[in-house]
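Novice: Structure below; questions to follow.
The values are calculated or read from the model by the stated rules, or taken from the named source; none is laboratory data. Quantities reported herein were computed from a predicted structural model and do not represent experimental measurements. Because the Cβ atoms are built from the backbone with ideal geometry, glycine has one as well, and the counts that use them run over all protein chains shown.
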Amino acid sequence: MDRASEPAIPAYEPADVDLTDPSLYLNRELSALAFQRRVLHEALDERNPLLERVRFLAIITRNLDEFTMKRIGGLKQQIEADVTEAAPDGRTPEEQLAAVHETLQPMLATQARCYRDAIHPALAAEGIKILDYDDASSVEQSELRTYFEESVLPTLTPLSFDPAHPFPFISNRSLSLAVLTRHPNAEDPTFTRIKIPPNRPRLVQLGDETRYVLLEEVIRANLDLLLPNVEIVDTALFRLTRNAEVRRNQEIAEDLIDMVEDVLEQRRFASVVRMEIAADADSRIRSTLATQLGLDEREIYDLGGPLDYRDLAELTDLDRPDLSLDEWTPQHHPRLNGRRQQSFGTPDTTDPSVFRRIQDGDILLHHPYHDFTDTVQRFLSAAAEDPDVLAVKAAIYRTASDSQIIQSLITAAENGKQVAVMVELKARFDEQNNLEWVRKLEENGIHVAYGTVGLKTHTKTALVVREEDDGVELYSHIGTGNYHSETAKGYVDLGLLTADRDIGRDLTKVFNFFTGPSLDEEFRELLIAPVTMRREFTRYIRREAQHAQAGRPARIVAKMNGLEDPAIVAELYRASMAGVDIDLIVRDICRLRPGLEGISENISVYSLVGRFLEHSRIFYFENGARADPGPEDDWGEPEYYIGSADWMTRNLDYRVEAVTPVTSPEIQRQLRFTLELVLSDNRKLWEMDSDGEYHQRYPDDGERVISAQDVLMREALKASRSDDLVAGIPGDYPLAGDLCIAGDSIRQAATDTADTLSEVTDGGETAEVLSTYGDRWYIPDSAVYDYAVRTPDGERRYLKTKAGVTDLLERLYSDSE
């Protein structure tokens with residue numbers, strides 16, 4: 001199928017609704033902070049094991065650091081450039097910055113209280129004690145002083161600020177101790193900055209017990225050894241965050257590597273955008289830092305506690321299973337672990353190659369439930385060693401510092417294969433790592449593309465070209481996550497291994513773009529940004545609206561990291577007003593406001609925050625699959641897609657992205673199970689209201705607790721141990737509801753779960769319609785949908801609002817009564 005030949009579909013245009021109204025759009029920055037509040041909740045949630053709560057204290061510090069560097073830094077740059085253009089929600093950069101600081105301050109204060117009032121005493125109760133220096137015994141203090149003198153003091157460099165010394169440079173995110181000292185004959189104190197050394201353990205252990213003193217407290221208590229012959233007037237812990245939004249114009253950069261190296265250097269010295277400082281800091285310390293760093297009052301965060309919680313993650317390595325989640329080891333994929341079924345169910349004891357297994361049928365990988373090394377790494381390692389492989393190509397956005405993926409590509413080149421690698425040098429915060437890999441690849445004679453002018457390459461794709469008996473075959477991997485063995489243990493991602501020739505040809509075009517002069521604008525199967533993806537997603541959303549307007553079942557379920565693009569949000573609003581049921585599982589940023597009367601009543605927005613970071617993207621368009629198409633109709637089969645792109649402007653217009661259709665009924669069933677499982681979660685799932693506030697779903701009394709990630713771990717474990725299962729995630733866990741269907745699903749009515757109705761109306765026209773068609777709707781047993789309508793063809797339509805029910809009933813039955 002050539003997607004360029006598909007006809008455009010006009011937008012559904014409801015009357016009397018202005019979709020440019022700023023009140024319909026949530027602010028991107030505040031939505032991002034709302035996600036971070038959900039992450040912080042994992043530290044606050046007493047249902048989580050104690051060390052898991054500690055882990056999330058560290059995670060939220062890293063996340064808010066990155067938000068501050070990128071988003072606050074970007075807003076400050078806009079303000080300094082006199083940008084006054086309002087965001088889709090109507091806020092100017094200055095208004096956004098004020099709102100961000102107003103939101104961020106209490107979040108950091110909550111984190112500090114969580115540590116002080118909950119985590120710290122709970123750890124102590126379990127024998128894991130983080131002591132004040134004065135709480136250590138005299139013998140322990142003597143040992144700490146010796147440790148300081150021998151192992152810490154030689155690494156310290158006190159930097160004073162006085163007429164003879166300029167104000168010192170203070171590096172990004174470094175923890176520092178500000179010290180005021182006074183010489184015996186001086187009147188005014190001197191400011192000195194001491195960097196807490198990151199190459200020394202932050203948690204200084206006392207003996208062999210799980211008792212610790214923070215390194216900054218050890219330094220503070222022994223300053224007389226570092227700063228002799230002066231009076232220590234006062235001290236205060238502080239920490240700076242610098243702007244990460246430093247750029248050079250790619251259009252005029254002579255060399256992309258030089259440009260990236262220059263950006264890395266500029267980032268070290270970028271302007272300070274936030275200072276965290278001890279709440280009891282001396283006013284002279286505070287004013288000196290504020291003046292010298294050019295900070296206004298709202299950029300100064302007065303906080304209690306350790307300020308930087310990242311190092312507390314070390315505690316999660318303690319051997320305390322009673323305080324931790326059960327360990328998880330990613331499992332072998334049943335299609336790749338040597339147990340392959342023959343046609344009559346007899347286990348095949350042979351061990352065919354990875355390529356043979358892919359030829360047997362597409363394979364869905366689901367990380368971290370499936371082992372990255374045993375799947376993706378195995379695919380590329382096999383390609384490197386297979387004498388029949390002619391070429392290997394890969395797009396690298398982020399990878400591990402000891403990447404075996406890169407080593408496989410080097411091995412392939414050493415074995416005489418053509419190897420081409422796209423390494424995105426502009427992957428933020430991974431630039432240095434990627435630069436090093438570029439140099440190593442080039443040293444081994446590999447063709448390396450560094451990136452493309454004006455675009456980031458965000459695809460997670462690999463292509464293997466192999467000579468076989470009947471000609472050259474193309475084997476593709478299209479994923480949602482990076483080729484990174486470490487993050488694959490903690491990020492939820494999907495990948496498709498396929499021998500589909502059209503997909504392989506499309507990938508060939510993409511890789512030719514990385515090394516050639518232009519990007520093709522016609523693709524048979526893949527959705528490629530920035531050329532076809534926006535157009536196709538828009539068409540699929542409008543197609544669902546057409547189905548709804550024609551009285552056919554219409555549904556969209558989309559799982560992604562972010563929904564920010566205003567045009568896509570407007571298309572979803574139109575589809576909702578046309579009668580499409582829409583479920584959006586958006587981990588992070590979401591501009592769309594669900595549940596607005598007359599606009600988004602048919603849209604629900606969810607977010608899942610658990611032990612693994614949700615990173616996969618799945619898109620489901622029902623396409624009239626519950627209806628009965630005629631022989632002339634080109635609809636009637638559901639469509640599933642996975643890939644690297646979110647519904648964000650940067651992904652659709654400014655990055656090279658790849659999304660692939662999934663046509664295998666077996667894999668569609670696995671994706672369907674994943675979506676329905678997430679929407680059934682009552683342990684880690686949050687639902688957004690129309691004001692942008694999120695509320696976590698809890699099980700009712702006596703209700704089965706469903707945690708989607710826990711279920712997927714159990715299902716993957718079961719599949720890896722069975723000789724009867726070939727699906728990576730078998731998905732036979734019992735779930736209520738019928739939210740999606742797969743391509744070969746039998747069209748039959750769902751079992752009624754509630755045939756008797758309680759009073760759900762309070763009179764009026766709605767009550768009359770529901771009463772008139774009382775035998776044609778009911779209340780289903782569903783955590784997502786409140787109503788179900790029986791259609792004339794014996795199917796079921798699931799809806800969320802009474803207005804949607806009455807509208808559908810009248811469209812389906814009013815003419816036939």
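Novice: List the pairs whose first member sits in region 10-30 and is within 17 Å of residue 590 (Cβ to Cβ), whose second member is charged (D, E, K, R) and assigned to a helix (DSSP H, G or I), and whose Cβ atoms are under 7 Å apart, counting only residues at least 6 apart or on separate chains?
Specialist: Here the result reads 29/71, each pair linking region 10-30 to a residue that is charged (D, E, K, R) and assigned to a helix (DSSP H, G or I).
Novice: Now for a different question. Among the strands (runs of 3 or more DSSP E) confined wholly to region 533-622, which include 1 or more residues that are closer than 19 Å to residue 787 by Cα? Show your work before the answer.
Specialist: On the way: elements: 555-560, 581-586, 603-608, 618-621.
Passing ranges, in order: 555-560, 581-586, 603-608.
Novice: Hey, does region 571-582 have a residue that's closer than 16 Å to residue 691 by Cβ, of a type outside the set (Ser, Thr, Tyr) and free of Cβ contacts under 8 Å to residues at least 60 places away in the same chain?
Specialist: Filtering region 571-582 down to residues closer than 16 Å to residue 691 by Cβ leaves none.
There is no residue in region 571-582 that is closer than 16 Å to residue 691 by Cβ, of a type outside the set (Ser, Thr, Tyr) and free of Cβ contacts under 8 Å to residues at least 60 places away in the same chain.
Novice: Can you name the residue in region 176-193 that is among the aliphatic types (A, V, I, L, M) and under 18 Å from residue 290 (Cβ atoms) and, of all such residues, is surrounded by the fewest Cβ atoms within 10 Å (Cβ to Cβ)? Give the steps one after another, and end with the answer.
Specialist: Of all residues in region 176-193, those among the aliphatic types (A, V, I, L, M) come to 177-180, 186.
Adding the requirement that they be under 18 Å from residue 290 (Cβ atoms) leaves 177-180.
Working: 177: 22, 178: 24, 179: 25, 180: 20.
By that ranking, first place goes to 180.
Novice: If you scan region 49-70, which residues turn out to be of a type in the set (Asp, Glu) and either at pLDDT 95 or above or not in a helix (DSSP H, G or I) (or both)? Give the steps one after another, and end with the answer.
Specialist: Just the residues of region 49-70 that are of a type in the set (Asp, Glu), to begin with: 52, 65-66.
Hits for region 49-70 are 52, 65.
Novice: For region 524-562, enumerate the residues that are surrounded by 19 or more Cβ atoms within 10 Å (Cβ to Cβ), in contact with a Lys or Arg (Cβ under 6 Å, 6 or more places away or on another chain) and modelled with pLDDT under 95.
Specialist: The answer is 553, and nothing else.
Novice: Looking only at region 44-57, decide whether some residue is surrounded by 19 or more Cβ atoms within 10 Å (Cβ to Cβ), in contact with a helix residue (DSSP H, G or I) (Cβ under 6 Å, 6 or more places away or on another chain) and within 24 Å of residue 544 (Cα to Cα).
Specialist: Within region 44-57 (the criterion being surrounded by 19 or more Cβ atoms within 10 Å (Cβ to Cβ), in contact with a helix residue (DSSP H, G or I) (Cβ under 6 Å, 6 or more places away or on another chain) and within 24 Å of residue 544 (Cα to Cα)), the answer is no, since none of the residues qualifies.
Novice: Assess whether residue 85 counts as being assigned by TED's automatic domain parsing to the domain that holds residue 122 and either surrounded by 21 or more Cβ atoms within 10 Å (Cβ to Cβ) or without any contact (Cβ under 8 Å) to a residue 24 or more places away in the chain (or both).
Specialist: Details: assigned by TED's automatic domain parsing to the domain that holds residue 122: yes; either surrounded by 21 or more Cβ atoms within 10 Å (Cβ to Cβ) or without any contact (Cβ under 8 Å) to a residue 24 or more places away in the chain (or both): yes.
In short, yes.
Novice: Here's another thing I want to ask about it. Out of all the residues in region 562-574, is one or more of a type in the set (A, V, I, L, M) and farther than 21 Å from residue 800 by Cβ? Don't jump to the end; show me each part of the working.
Specialist: First, the residues of region 562-574 that are of a type in the set (A, V, I, L, M): 563, 567-570, 572.
With the extra rule that they be farther than 21 Å from residue 800 by Cβ, the set shrinks to 567.
Within region 562-574 (the criterion being of a type in the set (A, V, I, L, M) and farther than 21 Å from residue 800 by Cβ), the answer is yes, since at least one residue qualifies.
Novice: Quick one: is residue 488 modelled with pLDDT of 85 or more and part of a helix (DSSP H, G or I)?
Specialist: Numbers: modelled with pLDDT of 85 or more: yes; part of a helix (DSSP H, G or I): yes.
For residue 488, the condition - modelled with pLDDT of 85 or more and part of a helix (DSSP H, G or I) - is met.
Novice: Can you name the condition, by its number, that residue 167 falls short on among (1) within 30 Å of residue 40 (Cα to Cα); (2) in contact with a helix residue (DSSP H, G or I) (Cβ under 6 Å, 6 or more places away or on another chain)?
Specialist: Single failed check for residue 167: (1).
Novice: With respect to residue 745, is the statement that it is closer than 30 Å to residue 666 by Cα and modelled with pLDDT of 70 or more true? Even if it seems obvious, please write down each step before you answer.
Specialist: Details: closer than 30 Å to residue 666 by Cα: yes; modelled with pLDDT of 70 or more: no.
Spelling it out, it is not the case that residue 745 is closer than 30 Å to residue 666 by Cα and modelled with pLDDT of 70 or more.
Novice: If we keep just the residues of region 592-644 that are in contact (Cβ under 8 Å) with a residue 24 or more places away in the chain and out of contact with any helix residue (DSSP H, G or I) (no Cβ under 9 Å at 6 or more places or on another chain), which is surrounded by the fewest Cβ atoms within 10 Å (Cβ to Cβ)?
Specialist: The qualifying residue surrounded by the fewest Cβ atoms within 10 Å (Cβ to Cβ) is 628.
Novice: Could you say whether any residue in region 27-41 is modelled with pLDDT of 95 or more, within 18 Å of residue 490 (Cβ to Cβ) and acidic (Asp, Glu)?
Specialist: no
Novice: Can you name the helices (runs of 4 or more DSSP H) wholly within region 71-152 that have at least 2 residues being modelled with pLDDT of 95 or more and of a type outside the set (Phe, Trp, Tyr)?
Specialist: On the way: elements: 73-80, 93-113, 120-125, 138-147.
Of the helices (runs of 4 or more DSSP H) lying wholly inside region 71-152, those with at least 2 residues that are modelled with pLDDT of 95 or more and of a type outside the set (Phe, Trp, Tyr) span 93-113, 120-125, 138-147.
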